[in-house]
Amino acid sequence: MSNTTHEPQTFSAESYFATQSQPPSLDVDIQGVHEFIQRQRQANRSVVLVTSGGTTVPLELNVVRFLDNFSAGTRGATSAEYFLKAGYAVIFMHRQFSLQPFSRHYSHSTNPFLNFLEIDGALPSSSTIDSAFPYSHDPPPTTPMPQITVTTDERAKLFSVLRAYKAVHAQGTLHMVSFVSVNEYLWLLRAVSREMSVLGRKAMYYLAAAVSDFFLPQQRLSEHKIQSGKGNLSIEMDQVPKILKPLVSEWNPEGFIVSFKLETDETILIPKAQQALERYGHQVVIGNDLHNRKYRVVLISPVAQADATKKLDGVVVSQPKYEEFWIEIDSHQPTNHPKEIEEDIVEELLKRHNAWIEGSCA
Ligand code: PAZ
């Protein structure tokens, strides 16, 4: 990156992939995805690609600094569990180190699992802090290891999470791939989508990741850490190409595609969601406001052709082009067993995807 101004470039998806280099791990990642999809096809399962977490925009080639997008990965990880519960196979394409299905219940920051473990038998009162820290350099203890158990309060919850986790692993219905930068995300999305096209209508896309709208092309990145000695730093970024366009029209035209739209001003949520449907022609946009996204979302979708006009007293009346379907849950949830809005979102999408597979939707 230089401090001189540049002519902004407009990247189409095509020019983006022609100029921005493929991540080194892509071929290996896609081989894994390819084999996973083959197995799911043989088992006649529907497959959903869940994207989750935020993408980064590096400011240097040897990255020290980057811009990040907001997302903990809660929406994606939680929804993935409900898709798995419904019998779907899930490709979980997530930001490295963001929340993942099952382990999300014991996130290191909000609910660390060590808090739920107990060492059986009281530690000798003579224990000092020093003797409690033997693990880094001492040989392993020769005395029998004490039992480690889960606290009574947490046992039922851990049991149900663990049972579901083991069942999913035994069935082989969850496949993980990760990204960090927006470049890795875009290359992966294209390659995974093309692989999924063999599934036809049985492929669903649930694009919950928070993807950067702007980026710095590799050709303009500084090779080394940007030095502060030169005073202010001005960054002029280019627009990330609108990737839904080729996804819908080229990579998998038969897929059932659900994108997300996050806003902080709720008044523009519905117009922006409608605009996305108008531009890309996919099936559903889920709108959510940053502040109440855990309790309230709206599904916007095109009104089916047959319902687009209606006769009222013999007069043909045009109906709106898009319909809204609100999902709302109580924002005061019990801490031990909270209702998750993703359960209702997934339930509604499963109905619509079924109709899509049966070909009864536009
Ligand atoms: O991961 P999270 O639960 O913290 O947040 C989820 C979300 C708000 C990022 C997601 O619901 C979403 O809206 N994703 C699309 C964001 C966008 O408009 O780019």
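The values are calculated or read from the model by the stated rules, or taken from the named source; none is laboratory data. Predicted model only: the values in this text are computed from it and were never measured. Cβ coordinates were reconstructed from backbone atoms using ideal geometry, including for glycine residues, and neighbour counts include every protein chain displayed. We work out accessible area using only protein heavy atoms, side chains counted, and drop any ligands, DNA or RNA first. Shrake-Rupley method; radii C 1.70, N 1.55, O 1.52, S 1.80 Å.
Electrostatic tally near GLY32: other residues with Cβ closer than 12 Å to its Cβ, Lys and Arg +1, Asp and Glu -1, net -3. Estimated at 0.36 nm per residue, the fully extended path between GLN42 and ILE226 surpasses their Cα-Cα distance by 61.1 nm. Counting protein heavy atoms only, region 85-125 has 59 percent of its accessible area on carbon and sulfur, 1.4 angstrom probe. Taking a sphere under 15 Å around the Cβ of GLN147 and counting the other residues whose Cβ falls inside, with K and R at +1 and D and E at -1, yields a net charge of -1. In this label model, PHE97 and PHE325 are separated by 3.8 nm, measuring between points 7 Å along each Cα→Cβ vector.
Remark: accessible surface ordering of LYS242, LYS351 (largest first) is LYS351, LYS242, probe radius 1.4 Å.
Remark: spin-label model distance ASP238-GLU118 equals 6.0 nm, labels positioned 7 Å along the Cα→Cβ axis. Listed cross-link partners LYS261/LYS321; LYS272/LYS339; LYS261/LYS294; LYS85/LYS351; LYS261/LYS339; LYS294/LYS351 are compared with a 25 Å cut-off, the Cα-Cα value being larger for LYS272/LYS339. The aspartates and glutamates within cross-link reach of LYS157, meaning a Cα-to-Cα straight distance under 18 Å and a gap of 8 or more places when in the same chain, are GLU81, GLU118, GLU340, GLU343. If you wrap region 164-272 in the convex hull of its Cα atoms and look at it from every side, the mean projected area works out to 11.5 nm².
Annotation: amide H-H contacts under 5 Å for PHE214 (H modelled 1.01 Å from N, sequence separation of 5 or more, or interchain): VAL240.
Cα-based radius of gyration for the chain, normalised by 2.2 N^0.38 Å, reads 1.17.
Here the calculated FRET efficiency for GLN218 and MET176, from their Cβ-Cβ distance with R0 = 35 Å, stands at 0.85, rounded to the nearest 0.05.
Sorting ILE300, ILE329 on solvent-accessible area from highest to lowest, probe radius 1.4 Å, gives ILE329, ILE300.
Shape of region 58-118 from the C-alpha gyration tensor: oblate (a/c of 1.5 or more and a/b not above b/c, with a ≥ b ≥ c the square roots of its eigenvalues).
Across region 160-172, rounded Karplus estimates of 3J(HN,Hα) from the backbone phi angles (6.51 cos²θ - 1.76 cosθ + 1.60, θ = phi - 60°) give 5, 5, 5, 5, 5, 4, 5, 5, 5, 5, 5, 7, x Hz, Gly and Pro being marked x.
Whole-percent P(r), region 240-362, all Cα pairs, 10 Å bins from 0: 12, 36, 34, 15, 3, 0.
With a cut-off of 13 Å between beta carbons, the residues surrounding THR51 carry a summed charge of +2, where Lys and Arg count +1 and Asp and Glu -1. Helical runs assigned H by DSSP (4 residues or longer) give the chain a calculated mean residue ellipticity at 222 nm of -9000 deg cm²/dmol, each run adding -39500 (n - 2.57) before division by the residue total.
When exposed loop sites are taken as GluC sites (Glu not before Pro) in a DSSP loop with at most 10 other Cβ atoms within 10 Å, the longest stretch of the chain clear of them is 1-222. Of the residues HIS175, HIS169, ranked by 1.4 Å probe accessible area with the largest first, the sequence reads HIS169, HIS175. Helix 341-357 sits at what angle to the longest principal axis of the chain, using alpha carbons and giving 0 to 90 degrees rounded to 10? The two axes meet at around 50 degrees.
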